[in-house]
Amino acid sequence: MSTEIRRVGVVGCGLMGSGIVEVIARHGYLVVVREVTQELLDTGLARVHASLSKAVERGKLSREEVDTARSRIIGTTTLHDLAECDLVVEAVVEDMGVKKEVFTQLDRLCPPHAILASNTSSLSITEMASVTRRPDKVLGMHFFNPVPVMPLLEMVNTILVSPEVFATARAFGEGLGKTVVVAKDNPGFIVNLLLIPYLLDAIRALDMSIATKEDIDTAIKLGLNHPMGPFTLLDFVGLDTVLFIADAIFAEFKDARYAAPPLLRRMVTAGLLGRKRGKGFYEYS
């Protein structure tokens, strides 16, 4: 018997988590979001409210629709408040130890029918499922930033998840207005498996003085019709995030295409992480 999803939990209300909360609430679901501190929760919910207000300004939503969406969001700092959820999306830091602890607790708290999903961009879903008593109900739901805008949802199928559970989760994702693509539980899935070598090659090209970062960005934008060049994209994603994903995929495959260039590692060590820190390959006011 398939699970009917009515109440959804989100663990983490950072940049990704807050976007996931917004999209779920906008599409008619009651959503309970948990953060570890009240300060982080308030910051995340303020991000949701600001995004909803911008949607009104742009004519995407009415004020009434925004008020209704806000009324569907419940914030908490207690994981126990997710105990009645039919689906929980984990969106905490990209650290396997932290994620496994979250899944262990969710497995203990949530009802037997509940589906547990991870928003990870590169880590093993199977490993997360291994700490639960419901590996047939654990899968990947990788959203893209900014979640309310980006149409893609990368869903990750494992060798353990049941087809019925996966179909239910996929229908939920499509009901959020997302275009779903399906990948097996492989490091990097689809997007990062292909994106990371491209970004690392751009850094290598810069380090070899093949061209300036500005000319490389312009060449890719105009020559390949990309919305942004690799260095603008690196700064947008976050250099630390790119380094983490590259290291995770390299650890699995030992493929030189995923070996992080020394320049990337030095910049991360120096705190030059991109837009979120005000400086990466470019400077931001």
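The values are calculated or read from the model by the stated rules, or taken from the named source; none is laboratory data. What you are looking at is a predicted structure, and each value in this text was computed from that prediction instead of being measured. Virtual Cβ from ideal backbone geometry, glycine too; neighbours counted across all protein chains shown.
When we screen 272, 239 for residues that are among the hydrophobic types (A, V, I, L, M, F, W, C), surrounded by 21 or more Cβ atoms within 10 Å (Cβ to Cβ) and in contact with a strand residue (DSSP E or B) (Cβ under 6 Å, 6 or more places away or on another chain), the only hit is 239. Residues that are of a type in the set (A, V, I, L, M, F, W, C) and in a loop (DSSP other than H, G, I, E, B) were ranked within the range 256-285; the one that is nearest to residue 229 (Cα to Cα) is 281. Would you check if there is a residue in the range 112-124 being touching a helix residue (DSSP H, G or I) at 6+ places or on another chain (Cβ under 6 Å) and over 24 Å from residue 253 (Cα atoms)? Taking every residue of the range 112-124 in turn, at least one turns out to be touching a helix residue (DSSP H, G or I) at 6+ places or on another chain (Cβ under 6 Å) and over 24 Å from residue 253 (Cα atoms). Would you check which residues across the range 34-85 are in contact with a Ser or Thr (Cβ under 7 Å, 6 or more places away or on another chain), farther than 16 Å from residue 23 by Cα and free of Cβ contacts under 8 Å to residues at least 40 places away in the same chain and list them? Passing the criteria: 38, 41.
The number of residues in the range 148-185 that are among the polar types (S, T, N, Q), surrounded by 13 or more Cβ atoms within 10 Å (Cβ to Cβ) and closer than 25 Å to residue 49 by Cα comes to 0.
Taken together, 200, 195, 222 contain a single residue that is closer than 24 Å to residue 117 by Cα, assigned to a helix (DSSP H, G or I), hydrophobic (A, V, I, L, M, F, W, C) and not assigned by TED's automatic domain parsing to the domain that holds residue 157, which is 195.
Conditions tested, residue by residue: (1) within 14 Å of the chain's Cα centre (by Cα); (2) modelled with pLDDT under 95; (3) under 22 Å from residue 191 (Cβ atoms).
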position	(1), (2), (3)
98	no, no, no
109	no, no, no
136	no, no, no
152	yes, no, yes
159	no, no, yes
